[in-house]
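In what follows, a single structure is set out as structure tokens and then discussed.
The values are calculated or read from the model by the stated rules, or taken from the named source; none is laboratory data. What you are looking at is a predicted structure, and each value in this text was computed from that prediction instead of being measured. Cβ: placed from backbone, ideal geometry, glycine included. Neighbour counts: every protein chain shown.
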Amino acid sequence: MRTIAILLFALFFVSCSTAPKKVPPRPAAKADHKLFKSAKRDVKARRLTQAEKKLKSLLTGDLSSELIDDVYIELGDLYYSQEKYQNAYDNYLSIINSKIFSPIEAEAAYKAAKSLTKMGRFDEAIALTDRLLRYTKENNQSVINIHKIRYFSFNQLGDRIDAIQSLLTLSRLESDPKRKSSYRLRAVDFVENQLDEKDLSQVAFNSEFEELRAYALFRLGRIEFENKDFGSARGKLSSVVQLAPDTELADRSSRIIEQIDARRKVNPRTIGVVLPLTGKPKDVAYRTLRGLQLGLGIYGSDPSNFKLAVIDSETNPDQARRAVERLVVEDNVIAVVGSLLSKTAVAVASKADELGVPNITLSQKSGLTDIGENVFRSALTSQMQVRELVRTAMVDKNMKRFAILYPNDRYGVEFANLFWDEVKARGGEIVSAQIYPSKSTDFAGPIKRLVGTFYIDDRGSEYRRLLKDWYSKQKVVNSRISPPNDLLPPIVDFDAIFIPDSVRAVGQIAPALAYHEVNDVTLLGTNLWNTPGLLSRAEQYVENSIFVDGVLLTDDQFQKSKFYRDYYSTFKSYPTIFEAQAYDVGLLLRQLILSGERSRPGLQSALQRVKGFQGSLGELSMQNDRELSRNLVRLGVQDGKILRLENIKAKATTDEKNPKKVTK
């Protein structure tokens with residue numbers, strides 16, 4: 001019998017006043033001691049089968065001997081090492097249930113609890129460790145091991161609160177600094193990432209959770225901040241500062257408190273701007289900034305006392321997010337304009353909506369206004385272009401059937417999907433669609449697939465008939481003469497082809513279509529086509545094409561507008577669509593604020609009600625999805641010039657028109 005247990009526990013079953021008194025063991029025979037030592041040598045030598053037989057044979061003898069508890073422990077350990085956890089548990093439990101007193105009874109209970117966790121019986125393991133803790137001395141490794149079992153079991157059962165309490169106990173008991181810190185950090189992770197609001201409240205308002213209260217209060221405050229319950233959020237975050245001063249958590253709480261307080265501080269004549277003023281986009285950014293300055297009256301012939309607070313986003317989403325926070329907290333701006341880039345637009349819009357400040361984004365990225373009710377947009381979006389392009393083709397030009405030839409990139413796929421949906425919504429039909437690799441230079445395969453000449457087997461009978469006719473017309477037939485590759489004529493059963501790609505690609509696709517005899521169809525494009533490069537690359541092959549944009553820079557109507565004259569007079573340069581869009585935003589904000597909107601909620605509400613506002617190029621109206629709609633310019637090509645569609649003369653007769661077909 002062991003007189004000193006490996007784990008020094010106080011006897012917990014016998015100590016219970018209600019438990020039946022156990023009797024002392026009897027001495028064991030010398031032969032039994034010898035057999036037990038032999039079994040232990042077998043275990044050490046990994047002769048486990050022999051060891052098991054010897055230990056079991058000892059259990060067929062006197063069960064009241066001083067050796068029996070050691071036999072049960074040894075046999076239980078053997079089974080545990082073999083992952084036979086039920087057998088191990090049964091042997092450990094035999095010591096607990098025995099009427100014979102054993103000084104290693106608590107050790108057996110601990111090992112029984114471990115076996116229960118291995119079998120997934122966590123509730124039983126917790127109950128057993130409860131009894132162990134009542135009669136175990138504090139501040140030793142035994143207690144630490146018990147709490148490890150309890151933490152593991154609570155965690156497996158999803159009982160986060162009890163799991164956290166076990167971690168806190170482990171952190172208090174552990175003497176090793178690294179392990180102590182590990183337990184504390186694990187408890188913090190539970191609070192920061194795994195608790196729901198009910199559990200967070202239980203931690204936040206219970207002193208037993210010590211420093212974890214601050215983390216729970218911070219999360220609750222953050223949730224209330226996001227739910228726009230700013231009063232409650234401020235109270236909880238202030239408590240964090242008091243409970244955990246001079247910590248990172250207190251600094252984070254203080255910054256949010258500043259944001260909450262900043263919501264009540266507004267300078268209605270200060271507009272915030274977040275633009276990429278460095279790097280590749282800087283030229284467009286500065287053009288945009290000048291248009292905004294002109295619209296607000298900071299420069300130009302109609303001056304005002306408005307101010308701009310401008311921060312460079314550095315094309316970095318994190319920097320853009322911090323910029324919005326600074327503009328609200330430090331500059332007390334009434335609105336934020338920007339960003340231009342898809343890369344930073346979500347960061348700007350999300351932070352602005354979180355802080356309750358209206359954001360007018362200038363980015364074309366899809367879905368921005370879905371972020372929140374404070375996000376508006378003034379930009380030529382893909383949806384606007386497709387809507388107007390399809391309306392023009394189907395209503396004005398009476399087209400019904402379409403094909404789509406598009407690149408396998410984000411731009412091409414987005415426009416192709418939008419075009420398809422819009423045509424279907426208007427009752428039209430997409431009869432063919434083909435994709436090609438982005439930046440491709442060979443379009444023969446996609447075009448042949450588009451018009452049904454790539455897979456000959458699909459038109460087998462037609463091809464055999466045409467082949468027979470071809471051979472019948474040959475005066476001489478021999479092995480050196482083979483039929484042409486273009487025996488099958490293209491199936492051109494559509495009125496127009498939509499090609500959402502750059503002029504570089506269109507400059508190759510348009511003549512390739514003519515080469516493959518895809519004639520007498522209208523080419524449809526996006527605002528990427530609105531550049532002189534379309535004419536120099538695609539030449540006559542884009543005659544009578546149709547595309548849309550926000551402005552035609554060479555148009556008399558644009559060049560004679562007040563905006564165009566004022567911009568050139570002020571900055572001595574010619575404006576583009578970027579300056580025009582930003583000018584409209586500045587002009588709109590100026591008028592709404594001068595008409596009495598001096599708060600962010602008031603400005604947000606006024607922006608939603610904008611109808612028929614006279615902008616740089618016509619009337620602007622805010623749609624239900626907070627997209628600022630404008631009249632787009634419908635464009636086409638005639639006689640080597642990009643013109644407004646309404647200025648293009650009626651198409652000439654078939655005999656008079658310039659043929660597109662390329663000589664083969």
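Worth a mention:
- Residues (over 36 Å from the mean Cα position of the chain (by Cα), surrounded by fewer than 24 Cβ atoms within 10 Å (Cβ to Cβ) and not acidic (Asp, Glu)) located in the stretch 497-517: 507, 508, 511, 512, 514, 515, 516
- You will find that of 187, 127, the residue that is surrounded by fewer than 17 Cβ atoms within 10 Å (Cβ to Cβ), part of a helix (DSSP H, G or I) and modelled with pLDDT under 95 is 127 and no other.
- Qualifying residue in the stretch 306-317 (condition: surrounded by 24 or more Cβ atoms within 10 Å (Cβ to Cβ), more than 23 Å from the chain's Cα centre (by Cα) and in the same structural domain as residue 605 (by TED's automatic domain parsing)): no
- Among the residues listed as 298, 360, 334, 311, the single one being of a type outside the set (Ser, Thr, Tyr), assigned to a loop (DSSP other than H, G, I, E, B) and at pLDDT 95 or above: 298
- For the stretch 190-216, the tally of residues that are more than 27 Å from the chain's Cα centre (by Cα), under 22 Å from residue 148 (Cα atoms) and buried (at least 22 other Cβ atoms within 10 Å of the Cβ) stands at 2.
- Condition check for residue 348: in contact with a helix residue (DSSP H, G or I) (Cβ under 7 Å, 6 or more places away or on another chain), at pLDDT 95 or above and aliphatic (A, V, I, L, M): yes
- Residues satisfying the stated conditions in the stretch 486-507, i.e. among the polar types (S, T, N, Q) and closer than 21 Å to residue 452 by Cβ: none
- Only listed residue being touching a Ser or Thr at 6+ places or on another chain (Cβ under 8 Å), surrounded by fewer than 19 Cβ atoms within 10 Å (Cβ to Cβ), touching a residue at least 60 places away in the same chain (Cβ under 8 Å) and not charged (D, E, K, R), chosen from 279, 297: 297
- Here the stretch 395-422 is the region considered, the condition is being over 30 Å from the mean Cα position of the chain (by Cα) and either crowded, with 17+ Cβ neighbours inside 10 Å or of a type in the set (A, V, I, L, M, F, W, C) (or both), and the residue that is farthest from residue 504 (Cα to Cα) is 395.
- Residue satisfying all of: in the stretch 537-568; at pLDDT below 95 and polar (S, T, N, Q); surrounded by the fewest Cβ atoms within 10 Å (Cβ to Cβ) among these: 554
- Among the numbered conditions (1) surrounded by 14 or more Cβ atoms within 10 Å (Cβ to Cβ); (2) out of contact with any Gly (no Cβ under 6 Å at 6 or more places or on another chain); (3) modelled with pLDDT of 95 or more, the only one that residue 259 does not meet is (3).
- Listed by position, the helices (runs of 4 or more DSSP H) contained in the stretch 492-593 that have at least 2 residues being outside the structural domain of residue 437 (by TED's automatic domain parsing) and of a type outside the set (Val, Ile, Thr) are 556-559, 562-571.
- Residue that is modelled with pLDDT of 95 or more and within 16 Å of residue 492 (Cα to Cα), where the choices are 402, 419: 402
- Complete set of residues in the stretch 106-161 that are farther than 24 Å from residue 81 by Cβ and among the aromatic types (Phe, Trp, Tyr): 135, 154
- Considering residues of the stretch 155-172 that are surrounded by fewer than 18 Cβ atoms within 10 Å (Cβ to Cβ) and among the aliphatic types (A, V, I, L, M) only, the residue nearest to residue 201 (Cα to Cα): 161
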